[in-house]
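Before any comments, here is the structure.
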Amino acid sequence: MQTIPVLLTVATLTFFLLRLAPGGPFDDEKVVSKEILAAINEHYGLDKPLLTQYFEYMGGLIKGDLGPSFKYPNRTVNELIAEAFPVSMELGFYSIMVALMLGLGIGLIASIRPNTVTDYVPSSLAMTGICLPTFVLGPLLILIFSIHLQWFNASGWHFQSDKILPALTLGGFYAAYIARLTRGGMLEILSQDFIRTARAKGASELRVVLFHALKGGVFPVISFLGPAVAGLIAGSFVIETIFHIPGLGRFFVQSAFNRDYTLVLGTVLFYSFLIIILNLVVDILLVLLNPKLKFES
Amino acid sequence: MDNASVNADTLPSPDQLEKGQSLWLDAWHRLYKNKMALAGAMFIGSMVLLCFIGPFFLEKSYSDQDLSQALKAPSAEYWLGTDHLGRDQFSRILFGGRISFLVALAATIVSLFIGVLYGTVSGYLGGKIDVLMMRIIDTLYALPFTIFVILLMVFAKDLGDSVETWLREGLGWDTDIALQWNLFLLFGAIGVVEWLTMARIVRGQVLNLRRQEFIEACQSLGLSTRRIIVRHMIPNVLGPVIVYTTLTIPAIMLLEAFLSFLGLGVQPPMSSWGLLIKDGAEQMEESSWMLLYPGVIFALTLFSLNFLGDGLRDALDPKTSKD
């Protein structure tokens, strides 16, 4: 499989990209004497030749050890990821749920009577959702629901109600995209012969749409879920920053600013691994749903 | 587009000439009927004009600060209000639009160039080289690219800063090269990311075309390879390329704004729509106009570009139209 070479490429690229950057992780520290700086560098092995560091890191990687964090003293990257990731995963899960429910619903409604009002309204809604970036939608929702109506807290991750706005913001774009995909997929399926047969048999319209057409119609949606995960991760950087959520996305952006090399590297590898695995799952799912694919590829 | 008139004298019969034109004429008629796409094109056109010409007629520049005028609501003097440093928002939005459009244009050209070249070579050579080149694309697709752009931008910022200090201290220059360096890398980083799909589309088209009967017919009629490529292949590849290009521009504007929003893209005191939205989100409690105007203008621009792209797709490529 491609997984291992891709991960190796990511690890190597990221490692050297970070190490070639002119700034060191401890450059911003308040004035420290040269001896202390040298001691810090020695402690983290930064005084060794670059290649030695690289092979030591790779050695640790094979055992699943991502090394110590540079900026959080006495914490390992593994610990930090284990702490922050569940929060991101929860947010991601809710967002996918929002996206699937809203998206499939809106897409189905739009596909039943194409080019009528029940198509135009949901379709324009979906188009608006696609064009409203998360970093515009998020602050707008806060402005309306937190500041003016005061229904929710503007930020934080303490109560269940805190999770509604972030999930809506992150899921909104995907809901819109899924709605378009569903509409397109359903329109294609609904024009096929077996649907005409089903109608001719006297199946009700509801039955035709939900039982006969839906399975084939959601096909594009499932193949979109793979790339969507990568997008959700990128989206989580913005959402977690806007709503002050203590997840991995915010950690990643902060650690990139702080030059916390090991944390950045670890997070990038973790994300890559996640994306690859989830893409694999989606591919398997597609073949399971449509055995024809097995022969085509 | 209109290469028919250029080599008109070399053409054997007028029939062919008319055929060559009708593709674009047809497309134009179909586009003209699509009112949303036309409205989108008009909005984009006026936005571009406003952003590139408008700032010359404004009294206040995008960077003029006046702290006594900070956070003023929209008024006759400040049409769209002022920001937390007392800068005129209208002028900042226009200037920011200029940067956003420029980044999008430059990055699109980079991605167009790499993508078309890579795709054509891969599709035209075929065989093992094609398999290898496509394998590379598959591998690159699996990489989390947004994350890489973020890393690249952090790297670029460091590099720009150290080049600037070196120039200032070592050579005594008074420059702000870090700003330009950053913008330059933003073009590069985004363009490098976005070429993959373009390469795939072009390769698919080229592969497809090579097998088509009309190309075979051309070959058996004894037309030169150059003639086949120029007159018959390029017009057929051009459609999808134009369509995908119009859809790449909003994607790149979005990525630029995303990076600027995170503080990794365009740096203040420069202005870009992502940066304005970021500032707006920070100040929205007291001064919602700082968020609303840039946000709405940005969303409308993306909206128009997407409609225009969809319209072009329907017009140029009615068969592959998705919905």
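Pairing each residue of the stretch A:225-241 that is more than 9 Å from chain B (Cβ to nearest Cβ) and closer than 13 Å to A:Phe173 by Cβ with any residue that is of a type in the set (Gly, Ala, Ser) and surrounded by fewer than 22 Cβ atoms within 10 Å (Cβ to Cβ), provided the two are 6+ apart or on different chains, yields no C-beta distance under 6 Å.
Residues in the stretch A:137-160 that are more than 25 Å from the chain's Cα centre (by Cα) and of a type in the set (Val, Ile, Thr): A:Ile144, A:Ile147. Within the stretch A:57-85, the set of residues being touching a residue at least 12 places away in the same chain (Cβ under 8 Å) and of a type in the set (Asp, Glu) comprises A:Asp65 only.
Consider B:Ile129 carefully, then state whether it is part of a helix (DSSP H, G or I) and in contact (Cβ under 8 Å) with a residue 40 or more places away in the chain.
In short, no.
Listed here are the residues, each with its yes/no results for (1) within 24 Å of A:Phe257 (Cα to Cα); (2) in contact with a Cys (Cβ under 9 Å, 6 or more places away or on another chain).
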residue	(1), (2)
B:Arg98	no, yes
B:Ser122	no, no
B:Gly127	no, no
B:Ile150	yes, no
B:Glu169	no, no
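Total residues in the stretch A:121-136 satisfying the condition of being more than 9 Å from chain B (Cβ to nearest Cβ) and either within 24 Å of A:His244 (Cα to Cα) or within 21 Å of the chain's Cα centre (by Cα) (or both): the figure is 2. Inside the stretch B:96-145, can you point out the residues that are at pLDDT below 80 and under 21 Å from B:Glu256 (Cα atoms)? Answer for the stretch B:96-145, where residues must be at pLDDT below 80 and under 21 Å from B:Glu256 (Cα atoms): B:Leu140, B:Tyr141, B:Leu143, B:Pro144, B:Phe145. For the stretch B:46-81, residues that are in a helix (DSSP H, G or I) and either at pLDDT below 80 or surrounded by 12 or more Cβ atoms within 10 Å (Cβ to Cβ) (or both) total 12.
Criterion first (in contact with a His (Cβ under 6 Å, 6 or more places away or on another chain) and without any contact (Cβ under 8 Å) to a residue 24 or more places away in the chain) does A:Ala198 satisfy it? Judged against the criteria, A:Ala198 is a match. Pairing each residue of the stretch B:211-226 that is without any contact (Cβ under 8 Å) to a residue 24 or more places away in the chain and more than 16 Å from B:Gly123 (Cα to Cα) with any residue that is among the aliphatic types (A, V, I, L, M) and surrounded by 10 or more Cβ atoms within 10 Å (Cβ to Cβ), provided the two are 6+ apart or on different chains, yields C-beta distances under 8 Å for B:Cys218/B:Ile228; B:Gln219/B:Ile228. Remark: pairs (first residue in the stretch A:107-127, assigned to a helix (DSSP H, G or I); second residue of a type in the set (Ser, Thr, Tyr) and surrounded by fewer than 17 Cβ atoms within 10 Å (Cβ to Cβ); Cβ separation under 8 Å; 6+ apart in sequence or on different chains) = A:Ile109/A:Thr118; A:Ala110/A:Thr118; A:Ile112/A:Thr118. If the condition is being more than 11 Å from chain B (Cβ to nearest Cβ) and modelled with pLDDT under 75, then the stretch A:12-34 contributes A:Pro25, A:Phe26, A:Asp28, A:Glu29, A:Lys30, A:Val31, A:Val32, A:Ser33, A:Lys34.
Quick grid of which residues meet (1) crowded, with 20+ Cβ neighbours inside 10 Å; (2) among the basic types (Lys, Arg):
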{"site": "A:Glu90", "(1), (2)": "no, no"}
{"site": "A:Ala99", "(1), (2)": "yes, no"}
{"site": "A:Gly107", "(1), (2)": "yes, no"}
{"site": "A:Arg113", "(1), (2)": "no, yes"}
{"site": "A:Thr118", "(1), (2)": "no, no"}
{"site": "A:Leu140", "(1), (2)": "yes, no"}
{"site": "A:Leu143", "(1), (2)": "yes, no"}
{"site": "A:His158", "(1), (2)": "no, no"}
{"site": "A:Pro166", "(1), (2)": "yes, no"}
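The single condition among (1) in contact (Cβ under 8 Å) with a residue 40 or more places away in the chain; (2) not in a helix (DSSP H, G or I) that A:Asn153 does not satisfy is (1).
Taking (1) in contact with a helix residue (DSSP H, G or I) (Cβ under 7 Å, 6 or more places away or on another chain); (2) more than 30 Å from B:Ala281 (Cβ to Cβ); (3) away from chain B (no Cβ under 12 Å) in turn, A:Phe273 satisfies each apart from (3). A:Lys163 meets all of the listed conditions (1) closer than 17 Å to B:Met290 by Cβ; (2) away from chain B (no Cβ under 13 Å) but one, namely (1). Under 16 Å from the mean Cα position of the chain (by Cα), within 11 Å of chain B (Cβ to nearest Cβ) and surrounded by 20 or more Cβ atoms within 10 Å (Cβ to Cβ): is that true of A:Val253 in this structure? Yes: the conditions hold for A:Val253.
Can you name the helices (runs of 4 or more DSSP H) wholly within the stretch B:209-323 that have at least 3 residues being away from chain A (no Cβ under 11 Å) and within 16 Å of the chain's Cα centre (by Cα)? Counting at least 3 such residues, we get B:234-261, B:289-316.
The values are calculated or read from the model by the stated rules, or taken from the named source; none is laboratory data. Source: prediction; values computed, not measured. Ideal geometry is used to build each Cβ from the backbone, glycine not excepted, and the neighbour counts take in all protein chains shown.
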